[in-house]
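The structure appears right after this line, and notes come after that.
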Amino acid sequence: MLTINEDLILRKDDHKLLTSYLNGVKPKTAFDRRNAVVLKAELKRAKVVEKEDFPNDAIRINSTVRVKTEGTDDIMEITIVTPEKANIREGKISVMAPIGTALIGFRQGQQVSWQMPSGKKTYLILDVINEQ
């Protein structure tokens with residue numbers, strides 16, 4: 001599903017949290033289930049690092065991200081959160097949502113192509129803000 005070859009990078013604590021969430025989750029819809037399968041595959045290929053080795057421009061849980069949709073002037077700012085903290089009105093998107101799964105582990109300046117419910121989209125990661 002990705003059109004880039006860069007390695008995915010995740011913090012060990014995020015990887016552990018996502019893995020335990022996936023192992024315990026019972027998705028309610030076919031799409032949630034499909035997205036969970038894709039996220040599980042992404043976790044398997046990710047480079048897992050300790051907190052102190054994690055680059056500050058990489059997307060993790062609780063990162064605020066600005067992305068531009070290729071071919072449009074659309075720029076959105078979202079925060080990637082665990083499913084129970086998701087709130088679309090506040091711009092908090094679940095890591096289990098298609099865009100959350102697409103972006104987690106990638107870095108500022110990278111381009112990510114992903115199959116969304118509305119079709120394949122390509123996003124350029126403009127900015128990543130991680131609270132320390």
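Checking each residue in the stretch 104-132 for being charged (D, E, K, R), surrounded by 14 or more Cβ atoms within 10 Å (Cβ to Cβ) and free of Cβ contacts under 8 Å to residues at least 60 places away in the same chain picks out only Lys121. Scanning the stretch 56-70 for any residue that is in contact with a strand residue (DSSP E or B) (Cβ under 6 Å, 6 or more places away or on another chain), over 19 Å from Ile129 (Cα atoms) and in a loop (DSSP other than H, G, I, E, B) turns up at least one such residue. Would you point out the residue of the stretch 103-132, among those that are modelled with pLDDT under 95, of a type in the set (Val, Ile, Thr) and in a strand (DSSP E or B), that is farthest from Lys68 (Cα to Cα)? Checking each candidate, the answer is Val112.
Entry remark, the stretch 61-103: residues being of a type in the set (Lys, Arg) and without any contact (Cβ under 8 Å) to a residue 40 or more places away in the chain number 3 in total. Among the residues of the stretch 71-93, those that are assigned to a strand (DSSP E or B) and surrounded by fewer than 17 Cβ atoms within 10 Å (Cβ to Cβ) comprise Ile75, Met76, Glu77, Asn87. Only one entry in Lys40, Lys28 is part of a loop (DSSP other than H, G, I, E, B), surrounded by fewer than 15 Cβ atoms within 10 Å (Cβ to Cβ) and modelled with pLDDT under 90, namely Lys28.
The values are calculated or read from the model by the stated rules, or taken from the named source; none is laboratory data. What you see is a predicted model; the values in this text were computed from it and never measured. So basically every Cβ, Gly included, is an ideal-geometry build from the backbone, and we count neighbours across all protein chains shown.
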